[in-house]
Each structure stands twice: as C-alpha cells, then as structure tokens.
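Heads up: the structure comes next, in structure tokens.
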Amino acid sequence: MSSTNLKQVEYEQPEGGAVCSTEYAWARVPAELSPAERTALKDRIRRLLKEKNAVMVSHYYVHPDLQDLAEETGGMVSDSLEMARFGRDHAAQTLVVSGVRFMGETAKILSPEKTVLMPDLDATCSLDLGCPPAEFSAFCDRYPERTVVVYANTSAAVKARADWMVTSSCALDIVRALHERGQKILWAPDRHLGAYIEQQTGADMVFWNGACIVHDEFKALELEMLKDQHPGAKVLVHPESPPEVVALADAVGSTSAILKAARELDAREFIVATDSGMMHKLRTLNPDKRFYEAPTAGDSASCKSCAHCPWMAMNGLADVARVLETGANAIEVDPALIPRARQPIDRMLAFTAALKNGQAPGALVPHLGAA
C-alpha cells in the first residue's frame, strides 16, 4: 500500500489581527486504496473491534469508508454533539474517533477511564489552532462580566476556561436561553457562527476572531450563479460560512440540521455549503435527489481548502487498523484539566437532553460571569 500524500494549505489570516496560527496549514492525506485493499482492511478492522472491545465513531466529514464502517460495526456517524453523547454512553472500553483532535479530546474528557484512539493525532482544526489557550484566557480577562461560551472546535484547555461548550446544533438554543436570563456573552472562536447567533438571538456578544478554512471559502457571487443554473434547488448552508453566503440559504444549520432539511424540504435539487464529506450521507439517505457542492472557486475566489477539510482527510482505514492493533495514537488530556473542561460539556449535554425531552431548560442556566 502506498502511504500518504502531503497537502499544504496556505490559509489567509482573518482580518482584524493576527490571532490565528494557521497561516500554513498542512495535512498528510492517505492515498486512495484499491478495492482489494479496502476490503482487506475493513475485515481486519471488524475483527479488531471485537477483539479489543472497541467501537468506532466517525464524523460526517471523513472518508465514506470510515462512515460506513462505523455504522456497520455498531458505532455511529454523526455530528460532534452526538459523537460526544455516544462515546460517553457506550459500553465499549475503547473508542476509535475518526475526525479531528478536539473530538478525541472531548471523548476523553467525558470518559477518562476509556482508551480513546485516533487514526492520526495531527488531524486538527483551524478553529482550534486559531484559539491558543493563553491568548484566549487573556481575552476572557478583558471581559470578566461575560459568560464564556466556546464552540466544540477548541482545545481542552480552552474548554476549561469556558462556562459553556456548544456545537452548531445547539448553540442557538443555549445562547438564546442565556440571553433571556440577562447574560452577556463572550464567544469563541468562529466569528461567522458567532455573528449568525447574535443576529438570530439579539444577544449581547463579543467575538474571538477565528474562522474555519473550509466554510470561510464559500463565495456568494458564485453561489448566486450556481442558483441561476439550478433555479429549483434549495440552498443548505452551515452557519460557519460568511454572512453573505448564509443570506442566500433556504436552510441554515448544523450537519444534522442539513440532513433534516434535505429530507424534509420540497425540492429535488440542493446546493450544499459545508464540507464535501457531507455529500456521502446526503446522497445515501436521499438517492432520488441531486446535491451540488457550493462554490469555493470563481472570479472572486481565493480558495485554499476547496470545500474539504485537509485534516479530516487525514483519517484512513490503514491507520484505524494500525491504532487498534498497537494502541498507538491514544488521546491524553491533562488530568488536572478534565474536571474543569468537563463542566461546560456536561452543561451542554444536560441542556440538550432536557430540550429533547420537552423539559424547560431554563433552570439549567445558572447566572455566571467569566470562568
């Protein structure tokens, strides 16, 4: 088997200050496998999962092979919120997390007694890289009266500095509840998602200046041109996208919300502005519908990621088999951080569970200042 290809990504710093350390992102992308190699590796992984009392969880953005194999072996493919719940509640003593590092760290924080393995420990996230803990802590110190809400795409150390952690599927509900209780918000790290939440909730928010290298590259001008080519298509947009792209959407939401909209909206064609890894699940669940990738290229483009996260692309079957066999790439989180990092995650999980069960979540919103 061939090993990997090196992908270099030149990432333009967000405007307004060099708070981001992702000017030169990189990724080792596994080479595509032959059908025989894929079959052999999948059989090997199935055997190892049983032998090691392990389960796979895969994000929607990783390779289709990893998504399918997770479901076929009793694991799951989902967004980061459901991945966190599943890993916490599953009986398996080893979790194999196909995604990026913050997802593995979150699983370890929630299940410190379990072994959490990742195909590649260097698979990270521009939002995580762009929010260094020391700088973020100093930013929080400037706003001691504010409730600190951080996106899941952050390190354990940043979560430990926060009052709440949110994912894109629950951020609106949580910030709205905080706002209704009179709390002012310090938000990090994605400025586009933060601005969308502010616009939707009316909350008083200050923002860390970060962006996702995938969603930041979607282009409104070219999206309008693509809409002209497919006048019946509905536009589905992840709120990490720029506001002018969000403004063109028929539905805005997390990966799970995009799947729901594709299923329920009255349309046969869809243009999708999120990581292209989502296309596999969208097409699998809706074989009678057509899906087009929202444009990151064109006359106004400066595309670096081309709608697929280079770090998500680092996950591959060969590395899943290797870590199961050897125990390599185990996620470690400083034990001293775990209790503080777990608190904002547990708050989110309790809030969303109450919401799902039809309970009033307001009582779960304490009056908090900065952590």
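Would you calculate the separation in nanometres between label points at E32 and Q229, each defined as 7 Å from the Cα along the Cα-to-beta-carbon direction?
2.1 nm
Starting from the Kirkwood Rh over alpha-carbon pairs, what translational D in µm² s⁻¹ does the range 179-278 have by Stokes-Einstein at 20 °C and 1.002 mPa s?
Rounded to a whole number, D works out at 149 µm²/s.
Could you work out the helix-only [θ] at 222 nm for the chain, with each DSSP H run of four or more residues adding -39,500 (n - 2.57) and the total divided by the number of residues, to the nearest 500 deg cm²/dmol?
On the way: 15 runs with 146 residues, N = 371.
Only helices count here, giving -11500 deg cm²/dmol.
Given the whole protein assembly as supplied and a 1.4 Å probe, what does the accessible area of F86 come to in Å², nearest 10?
50 Å²
What is the distance, in nm, between label points placed 7 Å from the Cα along the Cα-to-Cβ direction at E72 and at D250?
That separation, rounded to one decimal, is 3.3 nm.
Report the calculated FRET efficiency for E51 and E145 (r = Cβ-Cβ distance, R0 = 45 Å), to the nearest 0.05.
With a Förster radius of 45 Å, E is 0.25.
Quick check on my link table: of K260/K281; K227/K281; K108/K356; K219/K289; K184/K356, which ones sit more than 18 Å apart, alpha carbon to alpha carbon?
Details: K260/K281 11 Å; K227/K281 22 Å; K108/K356 24 Å; K219/K289 23 Å; K184/K356 25 Å.
Result: K227/K281; K108/K356; K219/K289; K184/K356 exceed 18 Å.
Apply the a/c threshold of 1.5 to the C-alpha gyration tensor of the range 96-172 and tell me whether it is rounded, prolate or oblate.
prolate
From the square roots a ≥ b ≥ c of the eigenvalues of the alpha-carbon gyration tensor of the chain, which class results: rounded (a/c under 1.5), prolate (a/b over b/c), or oblate? Numbers along the way, then the final one.
Values: a/c = 1.44, a/b = 1.10, b/c = 1.31.
Since a/c stays below 1.5, the shape of the chain is classed as rounded.
For the chain, which whole-number percentage of the solvent-accessible area (1.4 Å probe, protein heavy atoms only) is attributable to carbon and sulfur atoms?
Working: 7540 of 14960 Å².
Carbon and sulfur atoms account for 50 percent of the accessible area of the chain.
How large is the Rg to Rh ratio of the range 117-224 when both quantities use alpha carbon positions and Rh follows Kirkwood?
On the way: Rg = 14.4 Å, Rh = 14.5 Å.
We get a ratio of 0.99 for the range 117-224.
N329's amide H: which non-local residues (gap 5+, or another chain) put their own amide H closer than 5 Å, with H modeled 1.01 Å from N in plane and none for Pro or chain starts?
none
Of the DSSP beta bridges with both residues in the chain, give the percent that are antiparallel, rounding to the nearest 5. Spell out each step's value before the answer.
Working: 8 of 40 bridges.
Among the beta bridges of the chain, antiparallel pairing accounts for roughly 20 percent.
Just read off the accessible area of C306 with the full protein assembly in place, 1.4 Å probe, to the nearest 10 Å².
80 Å²
Round to a whole angstrom and tell me the spacing of the C-alpha centers of the range 52-85 and the range 247-266.
When both Cα centres are located, 22 Å separates them.
Along each principal axis of its Cα atoms, how long is the range 171-237 end to end? Whole angstroms, biggest number first, please.
46, 24, 14 Å, listed from the longest principal axis down.
Per 0.36 nm of contour for each residue apart, how much would the distance between L285 and L121 grow if the chain were fully extended, relative to their Cα-Cα spacing? Intermediate results must be reported in sequence, preceding the final value.
Working: separation 164, 0.36 × 164 = 59.04 nm, distance 3.05 nm.
That pair, L285 and L121, stretches by 56.0 nm at full extension.
Where is the GNM fluctuation largest for the chain (alpha-carbon springs, 10 angstrom cutoff): Q343, Q93, Q359?
Maximum among the listed residues: Q359.
Rolling a 1.4 angstrom probe over the protein heavy atoms, how many square angstrom per residue are accessible across the chain?
On the way: 14960 Å² over 371 residues.
Ligands and nucleic acids excluded, the figure is 40 Å² per residue.
The values are calculated or read from the model by the stated rules, or taken from the named source; none is laboratory data. Since we're looking at a predicted model, the values are computed, not measured. For neighbour counting, all protein chains shown are included, and Cβ atoms are generated from backbone atoms with ideal geometry for every residue, glycine included. To get the accessible areas, we keep the full protein, side chains included, count just its heavy atoms, and leave off ligands, DNA and RNA. Shrake-Rupley method; radii C 1.70, N 1.55, O 1.52, S 1.80 Å.
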